[in-house]
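Input: a single structure, listed below in structure tokens.
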Amino acid sequence: MNDLIGRTRAAVWHPCTQMKQLEAAPPLAIARGEGAWLIDVDGRRYFDAISSWWVNLFGHCNPRINAAITDQLGKIEHVMLAGATHAPVVELSERLAKLTGLGHAFYGSDGASATEIALKMSAHYWRNTGQTEKNGFISLQNGYHGETVGALSVTDIPLFKSTYAPLLRHTVQVPTPDARLAEPGESAEAFALRCAEALAAHLAEHASTTAAFIVEPLVQGAAGMAIYHPVYLARARELCDQYGVHLIADEIAVGFGRTGTMFACEQAGIRPDFICLSKGITGGYLPLSAVLTTDDVYAAFYDAAAARGFLHSHSYTGNPLACRAALAVLDIFEHDQVIAANRAKSFEMTKSLSEVVAHPRVRHFRHRGMIWAFDVADAASDFATRFHFAALAQGVFIRPIGNTVYIMPPYVITPAEMTLLAERVLLALNLSLAD
Ligand SMILES: Cc1ncc(COP(=O)(O)O)c(C=O)c1O
């Protein structure tokens, strides 16, 4: 594997990367993984503090997930899901229905395909029920729902969106309840309720042309781990019911325990009309996404006429290997009582970060479940890059979003690793702020 870096630059177009920057900032050349650690071709170890773009839950090369996939490999690797079915997809759909209170799981591959599916299903529902004009979408300011053209239309991150504006559908963004934006003295709850009034005002005028409101529940990840009060979701649910608009919960990043409950919506006591799942669903092993919905939505498609059906597909929909990985993940959640175990880990990790919290340049330290984030005051424009390389030098793989540093480790993090991670984050912070 000589010159992996040179060859990757010549042959691979890396995601979310200005390729020219790889001249000065080469990627890690990873040979293998072990628990929460990535190990490069020279044997150097890096703690995967962001779970490889938030997908890894139970460590790299997890023996239980490996065993499930290996067992499935000896049976059937893939069969198309139109005209065929198989035990892993049926069992996974049954278990996801039990966990979410929704059903009729429709599968895609990545998170963005789940967003596309939910948007299309919602608009198609209204068409099937005779309300063709209800085809508009609302999302939150600074929201992120993926990069394909439909998903980018409801995303609100200028860096990703502006260039493609001419290709995108017009959608409406309502104020984000991001608690950092509350007025001095205003509680996160009061601010969230104030933001919900803007949603109410929009719906009061435009419900007849609106299909759905799509949100990242509790944490807007790509916005820089913007955390908001669950009352916003409860109020959004009431408003969507009042005005006859679907509520789509994009739990692609926050689902599967990330915010401290299996799904973030649980903390608001609500059930959305659609839930989008991906990332952690396979423990970070294989691309898989799923959208589950209500019986009411499903019934509106159930008909003799083909065109009233949901004629959407991806070649790898419901891939058996990915479904087996997902079933192994659900087994681990059950057998290891992961949600309860993470409660203790969440507390310990927060304690470990006390020196970071007290750092004079740290602002808005926040955390929810297995997510921690803070902003750095007066950060230079190249802060994210400086911090990234300072952390790599300490053996930690972490990529700030602008001046926000966040930690989103695999759930298998041990107490010793928490201490080590907190120490190294502090060190990287000081190094990246030094002149
Ligand atoms: C909330 C949310 N929705 C959708 C996506 C898109 O998922 P994918 O990158 O798998 O297409 C992401 C990815 O980060 C996300 O965080």
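The values are calculated or read from the model by the stated rules, or taken from the named source; none is laboratory data. Since the structure is predicted, the reported quantities are computational estimates derived from the model, not experimental observations. Quick reminder, even Gly has a Cβ in these numbers, built from the backbone with ideal geometry, and neighbours come from all protein chains shown. Quick note on the areas: whole protein, heavy atoms, side chains included, nothing else; ligands and nucleic acids left out. Shrake-Rupley method; radii C 1.70, N 1.55, O 1.52, S 1.80 Å.
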(message) Give me log10 I(q)/I(0) at q = 0.24 Å⁻¹ for the stretch 351-435, Debye formula, one equal scatterer per alpha-carbon, no solvent.
(response) -1.31
(message) Give me the extension gain from D435 to A29: residue separation times 0.36 nm, minus the current Cα-Cα distance, reported in nm with one decimal.
(response) 143.3 nm
(request) From largest accessible area down, sort Y228, Y243; use a 1.4 Å probe on the protein chains. (result) Y243, Y228
(request) Using R₀ = 41 Å, calculate the FRET efficiency as 1/(1 + (r/R₀)^6) where r is the Cβ-Cβ separation of E91 and Q131; round to 0.05. (result) 0.70
(message) Suppose every Lys and Arg Cβ carries +1 and every Asp and Glu Cβ carries -1, with no other charges. What dipole size does the chain come out with about its Cα centre, to the nearest 20 debye?
(response) 420
(message) Report the Cα centroid-to-centroid distance between the stretch 374-435 and the stretch 189-209 in angstrom, as an integer.
(response) 37
(request) Using a 1.4 Å probe and ignoring any ligands, DNA or RNA, find the accessible area of F106 and quote it in Å² to the nearest 10. (result) 40
(request) Grab the Cα-Cα distance for R271 and S315, subtract it from 0.36 nm times how many residues apart they are, and report the gain in nm with one decimal. (result) 12.9 nm
(message) Take T209 and Y302, extend 7 Å from each Cα along the Cα→Cβ direction, and tell me the distance between the two endpoints in nm.
(response) 3.4
(request) Please report, to two decimal places, log10 I(q)/I(0) for the chain at q = 0.06 Å⁻¹ as given by the Debye formula with identical point scatterers on the Cα atoms and no solvent. (result) -0.25
(message) Give me the percent relative contact order of the chain, please, defined on Cα pairs under 8 angstrom at least 6 residues apart.
(response) 20
(message) At 0.692 mPa s and 37 °C, plugging the Kirkwood radius over alpha-carbon pairs of the stretch 197-260 into Stokes-Einstein gives what diffusion coefficient in µm²/s?
(response) 262
(request) Putting +1 on Lys and Arg Cβ atoms and -1 on Asp and Glu Cβ atoms, find which of G185, S354, Y298 reaches farthest to the positive end of the dipole of the chain. (result) S354
(message) Could you put M225, M80 in order of accessible surface area, largest first, with the 1.4 Å probe and the full protein assembly present?
(response) M80, M225
(request) Grab the Cα-Cα distance for Q173 and D382, subtract it from 0.36 nm times how many residues apart they are, and report the gain in nm with one decimal. (result) 72.4 nm
(request) Could you please put R127, R95, R399 in sequence from largest to smallest accessible area, using a 1.4 Å probe? (result) R127, R399, R95
(request) List the trypsin sites (Lys or Arg not before Pro) within the stretch 185-243 that fall in a DSSP loop (any state other than H, G, I, E or B) and whose Cβ has at most 11 other Cβ atoms within 10 Å. (result) none
(request) Using only protein heavy atoms and a 1.4 Å probe, report how much of K134 is accessible, in Å² to the nearest 10. (result) 10
(message) Using the Kirkwood radius over C-alpha pairs as Rh, can you work out the diffusion coefficient of the stretch 303-374 via Stokes-Einstein at 37 °C, viscosity 0.692 mPa s, in µm² per second?
(response) 198
(request) With all distinct Cα pairs included, what does the Kirkwood hydrodynamic radius of the stretch 1-116 come out to in Å, to one decimal, could you say? (result) 17.9
(request) Let me have the relative contact order for the stretch 265-353, percent, based on Cα pairs under 8 Å that are six or more residues apart. (result) 25
(request) Kindly provide the pair-distance distribution of the stretch 85-226 built from C-alpha pairs, with 5 Å bins from 0 and whole-percent values in order of increasing distance. (result) 2, 9, 15, 17, 19, 17, 11, 6, 3, 1, 0, 0
(message) Can you show me the helix-derived [θ] at 222 nm for the chain, built from DSSP H runs with n ≥ 4 at -39,500 (n - 2.57) apiece and divided by the number of residues, rounded to the nearest 500.
(response) -12000 deg cm²/dmol
(request) Given a cut-off of 29 Å, name the pairs among K98/K351; K75/K120; K75/K345; K120/K279; K20/K120; K120/K161 whose C-alpha atoms lie farther apart than that in the structure shown. (result) K98/K351; K75/K120; K75/K345; K20/K120
(request) Would you calculate the separation in nanometres between label points at A358 and Q242, each defined as 7 Å from the Cα along the Cα-to-beta-carbon direction? (result) 4.7
(request) Keeping the other protein chains in place, figure out the carbon and sulfur percent of the accessible area of the chain, with a 1.4 Å probe. (result) 56
(message) Run the Debye formula on the Cα coordinates of the stretch 188-229, all scatterers equal and no solvent, and tell me log10 I(q)/I(0) at q = 0.23, 0.26, 0.32, 0.34 1/Å.
(response) -0.89, -0.97, -1.05, -1.08
(request) Could you provide, to the nearest whole Å², the per residue accessible area of the stretch 200-282 with probe 1.4 Å? (result) 24
